[in-house]
1. Among the residues in the range 131-154, are any at pLDDT 95 or above, touching a strand residue (DSSP E or B) at 6+ places or on another chain (Cβ under 9 Å) and farther than 15 Å from M316 by Cα?
2. Is it true that some residue in the range 508-526 is within 29 Å of G434 (Cα to Cα) and surrounded by 16 or more Cβ atoms within 10 Å (Cβ to Cβ)?
3. Quick check on the range 288-297: of everything there that is in contact (Cβ under 8 Å) with a residue 24 or more places away in the chain and over 17 Å from L191 (Cβ atoms), which residue is surrounded by the fewest Cβ atoms within 10 Å (Cβ to Cβ)?
4. Taking the condition more than 30 Å from F85 (Cβ to Cβ), touching a residue at least 12 places away in the same chain (Cβ under 8 Å) and out of contact with any helix residue (DSSP H, G or I) (no Cβ under 6 Å at 6 or more places or on another chain), does G170 pass?
5. Any idea which residue in the range 191-225 is farthest from G290 (Cα to Cα), counting only those that are of a type in the set (V, I, T) and crowded, with 18+ Cβ neighbours inside 10 Å?
6. Assigned to a helix (DSSP H, G or I), of a type in the set (K, R) and at pLDDT 95 or above: does that describe R507?
7. Does the range 271-286 hold any residues that are assigned to a loop (DSSP other than H, G, I, E, B) and of a type in the set (V, I, T), and which are they?
8. Across the range 221-245, what is the total count of residues that are over 20 Å from L171 (Cα atoms) and aliphatic (A, V, I, L, M)?
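The values are calculated or read from the model by the stated rules, or taken from the named source; none is laboratory data. Being a predicted model, the structure only gives us computed values, none of them experimental. Note that each Cβ is placed from the backbone with ideal geometry, even for glycine, and that neighbours are counted across all protein chains shown.
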Amino acid sequence: MKPVTRGLAILSLSLCAVSALLQRPARSGDLPQDVAAQVDRLLKNELLSGEESKPVGPTSDEIYLRRVTLDLIGRLPEPAEIAAFSADAAPNKRERIVQKLLADSRYGENWGRYWRDVIAYRRSEDRAAIALPAMTTYLTEQLNQNTPWDQVATAFITASGDVRERGETGLIMMQGGRPEETVAEVSRIFLGIQIQCAQCHDHPTDRWQREQFHELAAFFPRVAIRPNREAEMRSFLVVADDRPGRGRPNMNNRFRGTPEHYMPDKENPAARGTLMQPVFFVSGQKLNRGTPDADRRGKLAEWITSPDNPWFAKAMVNRMWSELTGEGFYEPVDDMGPDRTATAPETLDYLASAFAASDYDVKWLVETILSTEAYQRDSLSRRDANEAPMLANCPQPLRGDQLYDALASALDLPESGGAVGPRGPGQFARGRRGVRGQFIQTFGYDPSVSRDEVTGAIPQALMLMNSPVVNQGISGANRRGALGRLLAGVNEDDQLATELYLRVLARMPSESELQTCLNYVKETNNRREAFEDILWALVNSTEFLYRR
């Protein structure tokens, strides 16, 4: 064979090998690092091949450590951890820190609060606030135990019992047991599809019809929320009643279910409406009317979480990718569907199939995403609509819980009560207690909305400026606070400024930043007041309020 011909044959074989690699489906047992490498190859093939779409480089160790620590356990790394990570020359140190943080119990706490907000932020039942602590605890435990995501979803869909004791009842309680609101949230959270837009009319932009929405609601008519008369504290029960009903109950106070679901008559709302059969809109799978509640909700959970239903895995992958890299394949994360266009659809399909092949292993999915070049890139501000997607990681505003924990770490603030979650935009939830609760109220946001819709507000600035707890933590006169102890124990101003940067921003100051601090201390001629001002400026900086 001539050299040129042989070279062309080798090139052809190489291209075939690359093509086969790109097309190989995910398999059970694939390592996160191997799948991450494949994700990066697919993403480059779909989005990052031209000069106009050249991604930024990897971020520094300092920024990476702060990012991954906030993302996994919702807290800042300690100065000693920063020093140890910077000094570690091992090539796999990023992989090892991810595995360490995934094993930390604060991982479940951080993500349990995230999912609490996903479920609770759009609740329609005010009395559901009493279910928030149990739901948060349940989510924390399941995530730390790495319960497969299909099992978690099934538990929420099929739940029953006291809402103060059984956290999996939280989703149904958040919607007061009303079938229409409940199935809308089940679809939005576990499928990423907002079928609720078809409740009163055919969906204006998707293929879903009004009948399909009410066929989905027909899986939940027998579920009800009733007061628990035997509970020591005021509480409610999620119950299912398969006995014949006495007509349609008052849906604003749903204490008793109905045997079947009726689609309201738009022309005559007082009429009983059309009797609906339980049908899963994604696959068309259906049950007979008269099917007991346990079979209805059990089958719906089975069909939703089936590997044959691609939207279940895609919804989780899309949401986690968006939360960790700053930009989802679909935005907003809960508005997917066959009539929407995904960014990098082949990459999404591959990662979703890999997640399903892992038996819906959430920690595996998180480790996979964190192992990608896409996650580990430097950060840039959110792109304009005409700019190429996914060139960098995007900054994320800290959630209320994360911000309080970051402040507590930086300023040595006490752990505070207030385990309940958000009420909703601009609304105060009854029962919130403690400084943590105030931060959730002021800085909390719906984690399902696009991050460019999350903006700062005057109450947030006032909270940081006027909170007695924050001011006490910043005060150098408080000898039990971080600054008070540092002023007494660190004599060199450059060392003290460096320590504040490490505690608040989890990085060393630049030479110009350090010089600015030293000049300010000298000009102020009052060491305590100067460092109080420096600490206040760091705590109020955009860099502190965001994870980048």
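1. Within the range 131-154, one or more residues are at pLDDT 95 or above, touching a strand residue (DSSP E or B) at 6+ places or on another chain (Cβ under 9 Å) and farther than 15 Å from M316 by Cα.
2. Scanning the range 508-526, I find no residue that is within 29 Å of G434 (Cα to Cα) and surrounded by 16 or more Cβ atoms within 10 Å (Cβ to Cβ), so the answer is no.
3. Filtering first and then ranking leaves G290.
4. In short, no.
5. I193
6. No, not satisfied.
7. Hit for the range 271-286 is V282, nothing else.
8. Going through the range 221-245 one residue at a time, the tally reaches 2.
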